[in-house]
Amino acid sequence: GGDHTVAVKTDGTLWAWGYNGGGRLGDGTTIDRLAPVRIGTDTNWASVAAGNVHTVAVKTDGTLWTWGGNDSGELGDGTTAAYRLTPVRIGTDTNWSSATAGDYYTLALRS
């Protein structure tokens with residue numbers, strides 16, 4: 001990502017670290033993290049990708065989640081609301097298979 005890193009462990013937990021401006025880590029704060037911090041308590045994360053100011057993830061149930069900066073609508077929630085500090089589910093579809101994030105955009109693939 002821009003200044004942050006995200007990962008999914010083999011146990012399905014989600015982790016993030018680095019710069020947390022705009023809440024891009026998803027831990028509910030804007031505090032920078034120098035070591036990996038667990039994001040939430042869910043254990044069904046399948047994949048995650050870090051963009052410049054935001055993050056996108058897919059769960060094993062096929063749902064799509066985003067958080068962080070949203071000035072250009074990169075979160076895909078239909079708004080340009082400034083920031084989301086924790087993962088927000090995008091829509092009701094359950095057939096998302098993968099997603100990636102760029103500078104100020106997100107791409108996702110449905111199965």
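Please count how many residues of segment 3-18 are within 13 Å of the chain's Cα centre (by Cα) and not β-branched (Val, Ile, Thr).
6
Taking residue 21 as the residue in question, decide whether it is under 14 Å from the mean Cα position of the chain (by Cα), under 25 Å from residue 73 (Cα atoms) and surrounded by fewer than 15 Cβ atoms within 10 Å (Cβ to Cβ).
no
Looking only at segment 41-58, count how many residues are in contact with a Leu (Cβ under 8 Å, 6 or more places away or on another chain) and open to solvent by 10 Å² or more (accessible area, probe 1.4 Å).
Residues in segment 41-58 being in contact with a Leu (Cβ under 8 Å, 6 or more places away or on another chain) and open to solvent by 10 Å² or more (accessible area, probe 1.4 Å): 3 in total.
Can you tell me which residue within segment 78-101, out of those that are at pLDDT below 95 and in contact with a strand residue (DSSP E or B) (Cβ under 9 Å, 6 or more places away or on another chain), is least open to solvent (accessible area, probe 1.4 Å)?
Of everything passing the filter in segment 78-101, 82 is least open to solvent (accessible area, probe 1.4 Å).
Yes or no: segment 37-55 includes at least one residue that is within 8 Å of the chain's Cα centre (by Cα) and among the β-branched types (Val, Ile, Thr).
Yes, segment 37-55 has at least one match.
In segment 1-106, which strands (runs of 3 or more DSSP E) lie fully inside it and hold 2 or more residues that are without any contact (Cβ under 8 Å) to a residue 24 or more places away in the chain?
14-18, 33-38
The values are calculated or read from the model by the stated rules, or taken from the named source; none is laboratory data. Owing to the predicted nature of the structure, the values given are computational and were not obtained by experimental measurement. Cβ coordinates were reconstructed from backbone atoms using ideal geometry, including for glycine residues, and neighbour counts include every protein chain displayed. Keep in mind that these areas ignore ligands, DNA and RNA; they rest on the heavy atoms of the full protein, side chains included. Shrake-Rupley method; radii C 1.70, N 1.55, O 1.52, S 1.80 Å.
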